[in-house]
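> Have a look at the structure that comes next, please.
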Amino acid sequence: SLATSPPSGSQWVHEVKFDGYRLQARIDGEDVKLLTRSGLDWTKRFSSIADAVRKLAVGSALLDGEVVVEDGSGIPSFNALVADLKDGRQERFRYYLFDLLYLNGVSLQGASFADRKQALANVFGSTETSAHVALSEHFMIDGPKFFEHVSRLGLEGMISKRLDAPYRSGRSKDWLKTKCVQSQEFVIVGYVPATTARRAIGSLVLGYYDKGKL
């Protein structure tokens, strides 16, 4: 759920909000499927990710994460991800995993986030590292302080998660999203020509809709 400000307290941990494609990885032996939130099978589109997930030291699992492409500064770029998909490039894809719902025949949805994240870390601890799959680290610091850090780095935002909460499908208050970059759709009503250069715009006259009224 979207929050206006990040929460504080020891019951919360915080992660970077990735700007990419949310994918669920289903592992059943050698069979791996990558599914979108709407249920589309994107395994072929992200075959390099599927190959890396297949090498995880599990027999069966259900993983939650996000695929990104990072720029030269290590900041996820959605535009770069779309461009690589369009060009058929896969070498820059990186799948950050942040939750584990099922492992080797056991459902973990009723377990706390703290226990699920530890189980996910254990999977990574027994698996050879890959450039295409990584564990999304969480930070046990004050929420507003973490928000300052991610804002300074130019990241999209942060996700705060309750350590004691089970996994719940859909939106809930157990996971809170705080955005560093705010957005708003505007209507361009007109413009004022620049006084310092020819054929240039000096300023825009903008409008926006508020409860259906412009």
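> Answer yes or no: is there a residue in the stretch 64-72 that is farther than 27 Å from S160 by Cα, of a type outside the set (D, E, K, R) and open to solvent by less than 20 Å² (accessible area, probe 1.4 Å).
First pass over the stretch 64-72, keeping only residues farther than 27 Å from S160 by Cα: none.
Checked against the condition, which is being farther than 27 Å from S160 by Cα, of a type outside the set (D, E, K, R) and open to solvent by less than 20 Å² (accessible area, probe 1.4 Å), the stretch 64-72 yields no hits at all.
> Would you pick out the residues in the stretch 134-148 that are assigned to a helix (DSSP H, G or I) and open to solvent by less than 80 Å² (accessible area, probe 1.4 Å)? Working first, answer last.
Initial filter on the stretch 134-148 (assigned to a helix (DSSP H, G or I)): 143-148.
G143, P144, F146, F147, listed by residue number.
> Here's another thing I want to ask about it. With a cut-off of at least 1 residues that are within 15 Å of the chain's Cα centre (by Cα) and free of Cβ contacts under 8 Å to residues at least 24 places away in the same chain, name the helices (runs of 4 or more DSSP H) lying wholly within the stretch 24-133.
By residue number, 78-87.
> Surrounded by 17 or more Cβ atoms within 10 Å (Cβ to Cβ) and closer than 21 Å to G170 by Cβ: does that describe L100?
Details: surrounded by 17 or more Cβ atoms within 10 Å (Cβ to Cβ): yes; closer than 21 Å to G170 by Cβ: yes.
Criteria met by L100.
> Could you list, in sequence order, the residues of the stretch 8-23 that are surrounded by 17 or more Cβ atoms within 10 Å (Cβ to Cβ) and not in a strand (DSSP E or B)? Quick ask: steps written out before the conclusion?
Of the stretch 8-23, the ones surrounded by 17 or more Cβ atoms within 10 Å (Cβ to Cβ) are 12-21, 23.
Listed by number, the residues that qualify are F18, D19, G20.
> Further question on the same structure: Would you be able to say whether some residue in the stretch 158-171 is touching a Cys at 6+ places or on another chain (Cβ under 9 Å), open to solvent by less than 80 Å² (accessible area, probe 1.4 Å) and modelled with pLDDT of 95 or more?
So in the stretch 158-171, the residues touching a Cys at 6+ places or on another chain (Cβ under 9 Å) come out as 158.
Applying the additional criterion that residues be open to solvent by less than 80 Å² (accessible area, probe 1.4 Å) yields 158.
Still in the running and modelled with pLDDT of 95 or more: 158.
There is at least one residue in the stretch 158-171 that is touching a Cys at 6+ places or on another chain (Cβ under 9 Å), open to solvent by less than 80 Å² (accessible area, probe 1.4 Å) and modelled with pLDDT of 95 or more.
> On to the next question. What number of residues within the stretch 172-203 are open to solvent by 90 Å² or more (accessible area, probe 1.4 Å), part of a strand (DSSP E or B) and either in contact (Cβ under 8 Å) with a residue 12 or more places away in the chain or closer than 30 Å to S160 by Cβ (or both)?
Going through the stretch 172-203, the residues open to solvent by 90 Å² or more (accessible area, probe 1.4 Å) turn out to be 173, 181-186, 188-189, 191, 195-196, 198-199, 201.
Then keep just the ones that are part of a strand (DSSP E or B); that gives 188-189, 191, 201.
Imposing the further condition that a residue be either in contact (Cβ under 8 Å) with a residue 12 or more places away in the chain or closer than 30 Å to S160 by Cβ (or both) reduces the set to 188-189, 191.
Of the residues in that region, 3 qualify.
> Give the residues of the stretch 67-80 that are modelled with pLDDT of 95 or more and either out of contact with any Leu (no Cβ under 7 Å at 6 or more places or on another chain) or more than 11 Å from Q24 (Cα to Cα) (or both), sorted by residue number. Step through it out loud before you land on a result.
Initial filter on the stretch 67-80 (modelled with pLDDT of 95 or more): 67-69.
The answer is V68, V69.
> So which of S77, S60, S38, S48 ends up being closer than 30 Å to L2 by Cβ, surrounded by 12 or more Cβ atoms within 10 Å (Cβ to Cβ) and small (G, A, S)?
Numbers: S60 fails: closer than 30 Å to L2 by Cβ; S38 fails: surrounded by 12 or more Cβ atoms within 10 Å (Cβ to Cβ); S48 fails: closer than 30 Å to L2 by Cβ.
Going through S77, S60, S38, S48 in turn, just one is closer than 30 Å to L2 by Cβ, surrounded by 12 or more Cβ atoms within 10 Å (Cβ to Cβ) and small (G, A, S): S77.
The values are calculated or read from the model by the stated rules, or taken from the named source; none is laboratory data. As the structure is a prediction and not an experimental result, all values here were calculated from the model. Every residue, glycine as well, gets a Cβ built from its backbone with ideal geometry; the counts of neighbours run over all protein chains shown. Side chains are part of the model used for accessible areas, which takes the heavy atoms of the whole protein and leaves out ligands, DNA and RNA. Shrake-Rupley method; radii C 1.70, N 1.55, O 1.52, S 1.80 Å.
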